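J.: One structure coming up, written as structure tokens, with questions to follow.
The values are calculated or read from the model by the stated rules, or taken from the named source; none is laboratory data. A quick note: this is a predicted structure, and the numbers were derived from the prediction, not measured. Cβ atoms come from the backbone with ideal geometry, glycine included; neighbour counts cover every protein chain shown. Keep in mind that these areas ignore ligands, DNA and RNA; they rest on the heavy atoms of the full protein, side chains included. Shrake-Rupley method; radii C 1.70, N 1.55, O 1.52, S 1.80 Å.
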Amino acid sequence: MYLTLVERLRTALAAHIREKYKVELTVVLERPPKIEMGEAASPVCFELAKRLKKAPRAIAQEIANGFGKVEGIARVEVAGGGYLNAYFDRGGFWNAALQGLKPLPSAGTNVATEGAAPYREEGSRSIPSGKIIVEHTSINPNKAAHIGHVRNAVLGDTMARTLRAAGHNVQVQNYIDNTGVQVADVVIGFLEMEKRTPVSVKMMAMEPRFDYFCWDLYAAATTFFAEDKARAAALRGATLRAIEEGRGEEAEVAETVADSIVGFHLRTMARLGIAYDLLARESEILHLHFWDAAFEKLKEAKAIYKAEVGKMAGCWVMPWSDEKEGSTTEGPEGSERRTDDEENSQDKIIVRSNGTVTYVGKDIAYQLWKFGLLGKDFRYARWKNAPEGETVWTTTSAKGEADAPHFGDRAAAVYNVIDSRQAYLQQVVAAGLKALGHLKEAERSIHLSYEIVALTPRCAAELGYELTEEDAKKAYVEVSGRKGLGVKADDLIDKLEGATLAEVMERHPDMDDAERIRTAHMIAVGALRFFLMKFTRGSIIAFDFKDALSFEGETGPYCQYAVVRIRGIRRKGAEAAEGERVAVTHASAAKFLAGADGSAMWELLLAVGSLDWAVDAAITGQEPAFLAKYAFQLAQGFNNFYHKHHILSEGDVEKRAFLLAMTEIVERELVRVLELLGIEAPEKM
């Protein structure tokens, strides 16, 4: 509602200025720091003053005096040296809030394709219309998922939910790097170190902790390679070629490992309410000749050249004017997607001298396909190992299924959720699009980057890490999946659920077991997702169990508990009223919201009606943390309201009805923003 009114005011002001002063300009509107200054303010008169050679305050006074009626705006006043401050019609705002906006689409609903009403109704400062691809998670399928991967998945899932709520047709993709170095290392671990056969690996892959076994094997392989770098280079090179070409035991074991591990990853993320539309496998980029098509385009456009001398002799290289070097190795608990030890300082190599394609080369082909610029499409089949109740599609080299959705439509924008250490690689991908003349698509290739997830020393100690005296004094402790030191996602979720289950059992001894388990799960997931989302993308997160699970402060359980409290109030209010309800009119609402006594309630109501503003801020700023901040502030605003007003014992029947109605609309919007964050609110806590 807030953004709807602001856009309406912006349009009216621009039209008034155009008509009165014959000037065309963009009207900037800001949110004043204090409610006494109105709900929206514009410095437009200062810009007009430069053009009209007139005092800004005089212009502001002229506009305020002649400005017509705008629905939802009570008045416009002049402030300071020439600001225009707009005050909303509080009674009208209340009516709109009470009636409720159109239902928020569920997380899995694409409003652009399934007919649901978009959350935004007027105006848009966000991305262009059309299909939006959000690619996230993208874990190397060689070991169990860890906490860094969870940050990636939660960030991408929240962004996808938010874009859908804003009315966009969103497709969620998960890139499966099933032909890369990390998978090759595990294959070598099985065949060379463990001396296992492909059949025995298939048998192992059916075990419930196969991803954990591969976690340890990957770490052991890292040590194995460090002992003899020449052996490592030879084994990796031969194994990678066999996997890419789909031949021999190496390819057979690689397929078993990758497919099994992907299944584990999908089930892990399903525990957090995260799902995918398409698993795009790197093997099909090779087998269906996506890279061959991209390679020809790059050569034809002279976007790459073959180096004849120097350390890159024999390689196909993309010229790069910025010689900064970016590390793309797997770091502590971060995304490890598309990394390669041999390429840390030369990401602009597209094809190695031995003829194998680098990660960035395959990424360029994949990005061209996303934008419908490759002239080729995948074949698609249902993923056979999907979480229960979900349908997930995957690319395939086989015939494909006739009823598969058409994923190859041209995207309007692409969000690639990859950690900040991959920034250089993402720049190279965008440079590849630019070199081919696709400037618009390069601009709409959005790298939604984020920093690492580490642990507080307290959390590391709880998980059994032996800390040095120096580590114990640090703000956070870095861990590494490559070394086998990390927090596995399932272990983390299990620990959170165990802690919350104990708390629920203590608080609600009469609750049945099924409800206890479900309640504990919702609180645990809410705690984890909110903790990972409340930090801006550029912040390093130091995870801590105690901080995340706290019912106080800026946490998921705090927001969930506000909903639980509201539901309790409403139940008691309904019982006391015995089904009778006094209507709250425009006039009575305006009365309760007026003056000093009503300002606090007005601020809460304004917050309730500002979810559209928070959604827009999250999209335009590419910062979903705005939604977590909004959820916390709304929950905090309600708790202040609850402690100030005796809702159920209020003697004035009309005011009690108003207070009860306020709790209802707060609940509705708080539940909606929590849904965008992937968080459910239980009935009891």
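J.: What ranking, highest mean first, results for peptides 197-205, 661-669, 28-36, 364-372 when packing means the other Cβ atoms within 10 Å averaged over each residue? If you can, show how the numbers build up before the last one.
T.: Numbers: 197-205: 15.9, 661-669: 20.9, 28-36: 12.4, 364-372: 23.9.
So the peptides 197-205, 661-669, 28-36, 364-372, ranked by packing, come out 364-372, 661-669, 197-205, 28-36.
J.: What is the gain in length, in nm to one decimal, between residue 245 and residue 620 on full extension, counting 0.36 nm per residue of separation less the C-alpha to C-alpha distance? Could you put the intermediate results ahead of the total?
T.: On the way: separation 375, 0.36 × 375 = 135.00 nm, distance 4.25 nm.
Between residue 245 and residue 620, full extension yields 130.7 nm more.
J.: With a 1.4 Å probe and every protein chain left in place, work out the accessible area per residue of the range 507-643 in Å², rounded to a whole number. Walk me through the intermediate numbers first.
T.: Working: 5690 Å² over 137 residues.
Using a 1.4 Å probe on heavy atoms only, each residue of the range 507-643 averages 42 Å².
J.: What is the local net charge at residue 178, summed over the other residues whose Cβ is closer than 9 Å to its Cβ (Lys, Arg +1; Asp, Glu -1)? All intermediate terms of the calculation are to be shown ahead of the outcome.
T.: On the way: positive: 281; negative: 177, 255, 259, 282.
Combined, the nearby Lys, Arg, Asp and Glu give -3.
J.: Students often check this: by mean Cβ neighbours within 10 Å, which of 214-226, 387-399 ranks highest, and how do the rest follow?
T.: The peptides rank, most packed first, as 214-226, 387-399.
J.: What distance in nm separates the simple spin-label points at residue 300 and residue 494, each placed 7 Å from Cα in the Cβ direction?
T.: For residue 300 paired with residue 494, the spin-label model returns 5.4 nm.
J.: Compute the accessible area per residue over the range 1-88, keeping the other protein chains in place, probe 1.4 Å, unit Å².
T.: Per-residue value: 50 Å².
J.: Expressed in nm to one decimal, what extension gain is obtained for the pair residue 95 and residue 471 from 0.36 nm per residue of sequence separation less their Cα-Cα distance? Walk me through the intermediate numbers first.
T.: Details: separation 376, 0.36 × 376 = 135.36 nm, distance 5.61 nm.
Net length gain for the segment: 129.8 nm.
J.: For 447, 586, 146, give me the order by solvent-accessible area with a 1.4 Å probe, most accessible first, ignoring ligands, DNA and RNA.
T.: Values: 447 40, 586 80, 146 0 Å².
The residues order as 586, 447, 146, largest area first.
J.: Once the whole set of protein chains is in place, how much accessible area is left on residue 250, using a 1.4 Å probe, in Å² to the nearest 10?
T.: Here the residue's solvent-accessible area equals roughly 60 Å².
J.: For the chain, give the percent of accessible area contributed by carbon and sulfur heavy atoms, probe 1.4 Å, rounded to a whole number.
T.: The value for the chain is 50 percent carbon and sulfur by accessible area.
J.: Determine which lysines satisfy two conditions relative to residue 50: a Cα distance under 17 Å, and not lying fewer than 8 residues away in the same chain.
T.: Qualifying lysines at Cα under 17 Å: 20, 22.
J.: Rounded to two decimal places and with Rh computed the Kirkwood way over Cα pairs, what is Rg over Rh for the chain?
T.: On the way: Rg = 28.2 Å, Rh = 27.7 Å.
Here the Rg-to-Rh quotient is 1.02.
J.: Sticking with this structure for a sec: Using per-residue counts of other Cβ atoms within 10 Å, averaged over each peptide, order 493-501, 622-630 from highest down. Walk me through the numbers before you get to the answer.
T.: On the way: 493-501: 18.1, 622-630: 22.2.
The most tightly packed comes first, giving 622-630, 493-501.
J.: Continuing with the same structure: Ordered by residue, what ³J(HN,Hα) values in Hz, to whole numbers, does the range 56-66 give under the Karplus form 6.51 cos²θ - 1.76 cosθ + 1.60, where θ = phi - 60° and Gly and Pro are x?
T.: After applying 6.51 cos²θ - 1.76 cosθ + 1.60, I find x, 5, 5, 5, 4, 5, 4, 5, 4, 6, x Hz.
J.: What is the sum of charges around residue 6, taking Lys and Arg as +1, Asp and Glu as -1, for the other residues whose C-beta is under 9 Å from the C-beta of residue 6?
T.: Working: positive: 8, 10, 31; negative: 7, 39.
My count for the surroundings of residue 6 gives +1.
J.: Further question: State, to one decimal in nm, how far the label point of residue 320 lies from the label point of residue 28, with both points 7 Å from Cα in the Cβ direction.
T.: Going from the residue 320 label point to the residue 28 one covers 3.7 nm.
J.: Could I ask something else about it? Search the structure for amide H atoms under 5 Å from the amide H of residue 169, placed 1.01 Å from N in the peptide plane, and list their residues when 5 or more places away or on another chain.
T.: Long-range HN contacts for residue 169: 112, 130, 132.
J.: Quantify how much of the Cα-Cα distance distribution of the range 133-181 extends past 12 Å, in percent. Write out the running numbers ahead of the final one.
T.: Numbers: 752 of 1176 pairs.
Of all Cα-Cα distances in the range 133-181, 64 percent exceed 12 Å.
J.: Could you report the range 173-220's accessible area per residue, 1.4 Å probe, as an integer in Å²? Don't jump to the answer; show the numbers that get you there.
T.: Working: 1760 Å² over 48 residues.
Value for the range 173-220: 37 Å² per residue.
J.: Post the alpha-carbon centroid distance, the range 139-199 to the range 343-406, in whole angstrom.
T.: 13
J.: What does the C-alpha gyration tensor say about the overall shape of the range 435-559? Classify as rounded when a/c is under 1.5, otherwise prolate if a/b is larger than b/c, or oblate.
T.: Since a/c reaches 1.5 but b/c is at least a/b, the shape of the range 435-559 is classed as oblate.
J.: Here is a follow-up. Could you order 206, 522 so the one with the most accessible surface comes first? Probe is 1.4 Å. Could the numbers behind the result be given before it?
T.: On the way: 206 140, 522 15 Å².
Result of the area sort, largest leading: 206, 522.
J.: Could you give the dipole magnitude of the chain about its Cα centre, charging the beta-carbon of Lys and Arg +1 and that of Asp and Glu -1, in debye to the nearest 20? Intermediate results must be reported in sequence, preceding the final value.
T.: Numbers: 85 positive and 98 negative charges, 476 e Å.
Charge dipole, the chain, about its Cα centre: 2280 debye, nearest 20.
J.: Evaluate E = 1/(1 + (r/R0)^6) for residue 552 and residue 309, where r is the Cβ-Cβ distance and R0 equals 56 Å; express this FRET efficiency to the nearest 0.05.
T.: Numbers: r = 65 Å, r/R0 = 1.15.
With R0 = 56 Å, the Cβ-Cβ based efficiency is 0.30.
J.: Testing the spin-label approximation: label points 7 Å from Cα along Cα→Cβ at residue 11 and residue 58. State their distance in nm.
T.: Roughly 3.3 nm, to one decimal.
J.: Work out the charge dipole of the chain with +1 on the Cβ of Lys and Arg and -1 on the Cβ of Asp and Glu about the Cα centre, then indicate which of 627, 373, 391 is farthest towards its positive end.
T.: 373
J.: Once you list every other residue whose beta carbon is under 11 Å from the beta carbon of residue 684, what net charge do they have if Lys and Arg are +1 and Asp and Glu are -1? Intermediate values should be presented prior to the final figure.
T.: Values: positive: 507, 516, 518, 565, 567; negative: 510, 515, 683.
Value of the local net charge: +2.
J.: Here is a further query. Pick out, from 310, 2, 541, the residue whose Cα sits farthest towards the positive end of the charge dipole of the chain, with +1 on the Cβ of Lys and Arg and -1 on the Cβ of Asp and Glu.
T.: 2
J.: Probe radius 1.4 Å, ligands and nucleic acids left out: which of 320, 602 has the largest accessible area, and how do the rest follow?
T.: Solvent-accessible surface, decreasing: 320, 602.
J.: For the range 380-397, in order, what is each residue's ³J(HN,Hα) by Karplus, 6.51 cos²θ - 1.76 cosθ + 1.60 with θ = phi - 60°, in whole Hz (x at glycine and Pro)?
T.: 10, 9, 5, 6, 6, 10, 6, x, 4, x, 10, 10, 10, 9, 9, 6, 8, 8
J.: Report the one residue of 155, 80, 92 whose Cα lies farthest in the direction of the positive end of the charge dipole of the chain (charges on C-beta: Lys and Arg +1, Asp and Glu -1; origin at the Cα centre).
T.: In the chain, that residue is 80.
J.: Tell me, what HN-Hα J-couplings in whole Hz come from the Karplus equation 6.51 cos²θ - 1.76 cosθ + 1.60 at θ = phi - 60° for each residue of the range 265-276, using x for Gly and Pro?
T.: 4, 4, 5, 4, 5, 4, 4, 9, x, 10, 9, 9
J.: Still on this structure, please answer the following. Would you please give the FRET efficiency between residue 513 and residue 69, computed as 1/(1 + (r/R0)^6) with r the Cβ-Cβ distance and R0 = 51 Å, to the nearest 0.05? Display every interim value, and only then the final one.
T.: Values: r = 60 Å, r/R0 = 1.17.
Taking R0 as 51 Å, the efficiency between residue 513 and residue 69 is 0.30.
J.: For the range 484-513 and the range 614-658, what is the separation of their C-alpha centers, rounded to whole Å?
T.: Here the answer is 28 Å between Cα centres.
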